[in-house]
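J.: Pasting a structure here, questions to come.
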Amino acid sequence: MKILLIHGPNLNVLGKRDRAIYGDQTLAEIESLVVKRAQELGAEVSAFQSNSEGTLIDFIQAETPKAAGIIINPGALTHYGLSLRDALEDSAIPVIEVHLSNIHAREKWRRKSVIAPITRAQISGKGVQGYIDALEILVTELKEKK
Ligand code: DQA
C-alpha cells in the first residue's frame, strides 16, 4: 500500500522557519518519522515537496494511479489553491490534510481551507503527531476496505 506524503510551498525550510509556530524539526526529519511508522504498519511512503502549485499537480497526476492515499500539508495553498484542490479531487483516493500549526487559531485568512471539503479529514495544530495520526487513519481505513 503506497501513501503519498506531499508538502507545499515553504515547507522545505521547516526547522529554520518560525520555530515557535512550526517546531524545530526539518522536513527530512518529519518525512523519516512518517516513513518509519509506515514501515511498522506495512505501508510504503513516497514523499514529495514543491514550492510550485503546478509541480505539485504534476506529481499528483503522475503518482496517484499507483497510490492508495494522500497525506498533504499544502502550506499557504490551503487557503487559495483551487487547482491543487481539483487535482486532489480528481485523484479519487482518500486525502488527509495536515497542518503543523492550528490554522483556526491564527490569522482570519488562514481559517479557510479550500482543500478541506474534498478531504477525508483535516488535522491541524498537533505538530508532527498530526502526520502520524493521518497515516494511522489512512492505513487502518484502507486495510478495512480490502
Ligand atoms: C501550515 C499553515 C499554513 O497557513 C501556512 O501557510 C503554512 C504551514 C501549517 O503546517 O501549519 O505554510 O500549513
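Matching residues to (1) aliphatic (A, V, I, L, M); (2) in a loop (DSSP other than H, G, I, E, B); (3) within 10 Å of the ligand (Cβ to nearest atom):
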| residue | (1), (2), (3) |
| --- | --- |
| GLN25 | no, yes, no |
| GLU31 | no, no, no |
| VAL35 | yes, no, no |
| ALA38 | yes, no, no |
| ILE57 | yes, no, no |
| ILE60 | yes, no, no |
| SER101 | no, yes, yes |
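J.: So, of the residues in the range 107-116 that are exposed (fewer than 15 other Cβ atoms within 10 Å of the Cβ) and in contact (Cβ under 8 Å) with a residue 12 or more places away in the chain, which turns out to be nearest to ILE21 (Cα to Cα)? Steps first, answer last, please.
T.: Our first condition is that a residue be exposed (fewer than 15 other Cβ atoms within 10 Å of the Cβ); within the range 107-116, this holds for 107-109, 111-112.
Now restrict to residues that are in contact (Cβ under 8 Å) with a residue 12 or more places away in the chain: 109, 112.
On the way: TRP109: 16, LYS112: 18 Å.
Ranking the candidates gives TRP109 first.
J.: Another question, if that's okay. Take the residues of the range 62-87 that are polar (S, T, N, Q) and away from the ligand (no atom under 16 Å from the Cβ): which is farthest from ALA116 (Cα to Cα)? Before you say what the answer is, go through the steps one by one.
T.: Applying the first criterion (polar (S, T, N, Q)) to the range 62-87 yields 64, 73, 78, 83.
Those left that are additionally away from the ligand (no atom under 16 Å from the Cβ): 64, 83.
Details: THR64: 18, SER83: 14 Å.
Of everything passing the filter in the range 62-87, THR64 is farthest from ALA116 (Cα to Cα).
J.: Follow-up question, since we're still on this one. Just checking, how many residues over the range 107-133 are closer than 16 Å to HIS7 by Cβ and either away from the ligand (no atom under 12 Å from the Cβ) or β-branched (Val, Ile, Thr) (or both)?
T.: Number of matching residues: 5.
J.: Taking the range 60-79, which residues are out of contact with any helix residue (DSSP H, G or I) (no Cβ under 8 Å at 6 or more places or on another chain) and surrounded by fewer than 16 Cβ atoms within 10 Å (Cβ to Cβ)?
T.: Scanning the range 60-79 gives ALA62, PRO65, LYS66, ALA76.
J.: Output the residues belonging to the range 69-93 that are among the polar types (S, T, N, Q) and either under 14 Å from GLN122 (Cα atoms) or in contact with a Gly (Cβ under 8 Å, 6 or more places away or on another chain) (or both). Explain how you work it out, then say what you get.
T.: Within the range 69-93, the first condition is being among the polar types (S, T, N, Q), and the residues that meet it are 73, 78, 83, 91.
Those that are among the polar types (S, T, N, Q) and either under 14 Å from GLN122 (Cα atoms) or in contact with a Gly (Cβ under 8 Å, 6 or more places away or on another chain) (or both): ASN73, THR78, SER83.
J.: Between residues in the range 35-62 that are without any contact (Cβ under 8 Å) to a residue 40 or more places away in the chain and more than 13 Å from LEU4 (Cα to Cα) and residues that are crowded, with 18+ Cβ neighbours inside 10 Å and among the β-branched types (Val, Ile, Thr), which pairs lie under 9 Å by C-beta distance while being six or more apart or on different chains?
T.: What qualifies is GLN39/VAL45.
Quick note: the coordinates plus some simple rules give every number you see, no bench work behind them. Fair warning: this is a prediction, and the values are worked out from it, not measured in the lab. With ideal geometry, Cβ positions are generated from the backbone for all residues, glycine too; neighbour counts draw on all protein chains shown.
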